[in-house]
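The next block holds one structure in the form of structure tokens; read it before the comments.
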Amino acid sequence: MNKRRSICLVFLALVLALGSMSLCTIKADAANIVKGDTKENIRIVQQRLKELGYYTITVDGIWGPKTLAGVKNFQRDWGLVVDGIVGARTEKALGVTLKSASSGSSSTSNADLNLLARCVYGEARGEPYAGQVAVAAVVLNRVRSSKFPNSISGVIYQAGAFTAVSDGQINLSPNTSAYNAARDALNGWDPTNGCLYYYNPATATSKWIWSLKVELKIGRHNFARG
């Protein structure tokens with residue numbers, strides 16, 4: 001009797017744990033709409049996926065496993081990185097225009113903060129804290145420059161712009177340091193004083209990047225204005 005009760009308790013614990021993991025996964029996946037993490041944008045993606053045959057249930061604006069699967073299947077068929085994230089490339093391939101956070105707002109959307117922190121973590125984890133802030137600042141400097149896209153997601157997902165996007169490290173979960181660095185950059189700290197580029201001289205292969213005048217060095221990265 002005691003043995004049977006113990007087995008039941010173990011089974012119940014496993015069910016509760018799996019349910020908790022499922023809920024956490026769905027909640028985390030809601031940030032996969034990169035530009036303006038809103039219910040309206042999720043509806044736009046779902047509607048387009050439904051038109052293309054990748055989503056067959058109700059368009060409800062709620063991110064869940066079916067929406068994630070639809071995005072991944074679409075990305076796979078279109079030769080995109082299969083990460084379930086509706087970034088600039090997937091948005092363009094879908095042929096939709098997602099709404100950004102209100103330009104009149106003084107705050108940055110959670111999606112933008114999360115994406116910037118992921119970029120910092122993928123590009124500069126292990127670097128001095130100032131170097132992590134500097135990487136985030138370069139992204140924001142590009143957003144403000146007429147030479148680059150005018151959104152955080154546009155800059156980060158610009159083709160060939162960041163190694164972390166190319167090798168998939170953009171999808172790693174940021175640590176506290178990466179989030180803090182992203183926030184500090186968003187709040188105005190720019191250790192680079194306006195630089196638009198950075199590279200690691202130990203690994204850089206682009207001849208063009210070596211032609212830029214180095215303004216400063218932080219950790220393993222050289223920073224340049226271009």
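The values are calculated or read from the model by the stated rules, or taken from the named source; none is laboratory data. Only a predicted model underlies this, so the values are computations on that prediction, with no experimental measurement involved. All Cβ positions, glycine included, derive from the backbone under ideal geometry; neighbour counts span all protein chains shown.
Points worth noting:
- In the stretch 84-100, residue farthest from A159 (Cα to Cα) [restricted to those that are without any contact (Cβ under 8 Å) to a residue 60 or more places away in the chain and under 14 Å from the mean Cα position of the chain (by Cα)]: G84
- Pair list, Cβ < 7 Å and 6+ apart or interchain, from the stretch 184-200 residues that are within 15 Å of V155 (Cα to Cα) to residues that are charged (D, E, K, R) and part of a loop (DSSP other than H, G, I, E, B): C195/R225; L196/R225
- Residue match in the stretch 184-204 (condition: aliphatic (A, V, I, L, M) and closer than 24 Å to G84 by Cα): no
- Condition check for V86: closer than 26 Å to I44 by Cα, in contact with a strand residue (DSSP E or B) (Cβ under 6 Å, 6 or more places away or on another chain), surrounded by 15 or more Cβ atoms within 10 Å (Cβ to Cβ) and at pLDDT below 95: yes
- Residues in the stretch 108-141 that are over 14 Å from the mean Cα position of the chain (by Cα), under 21 Å from G168 (Cβ atoms) and assigned to a helix (DSSP H, G or I): A124, Q132, V135, V138.
- Residue match in the stretch 201-214 (condition: closer than 14 Å to V120 by Cα, of a type outside the set (V, I, T) and not in a helix (DSSP H, G or I)): no
- Condition met for A101 (assigned to a helix (DSSP H, G or I), at pLDDT below 85, closer than 18 Å to S151 by Cβ and of a type in the set (A, V, I, L, M, F, W, C)): no
- Close pairs (6 angstrom Cβ cut-off, 6 or more residues apart or separate chains): free of Cβ contacts under 8 Å to residues at least 40 places away in the same chain in the stretch 150-173, among the basic types (K, R) anywhere: V155/R142
- Of all residues in the stretch 62-83 being assigned to a loop (DSSP other than H, G, I, E, B) and of a type outside the set (G, A, S), the one that is nearest to the chain's Cα centre (by Cα): D83
- Among the residues examined, T163 does not qualify as buried (at least 19 other Cβ atoms within 10 Å of the Cβ) and of a type in the set (S, T, N, Q).
- Just so you know, in the stretch 134-150 the residues that are of a type outside the set (A, V, I, L, M) and buried (at least 18 other Cβ atoms within 10 Å of the Cβ) include one that is nearest to C195 (Cα to Cα), and it is N141.
- Test: residue in the stretch 56-73 that is charged (D, E, K, R), loosely packed, with under 14 Cβ neighbours inside 10 Å and either in the same structural domain as L115 (by TED's automatic domain parsing) or at pLDDT 85 or above (or both): no
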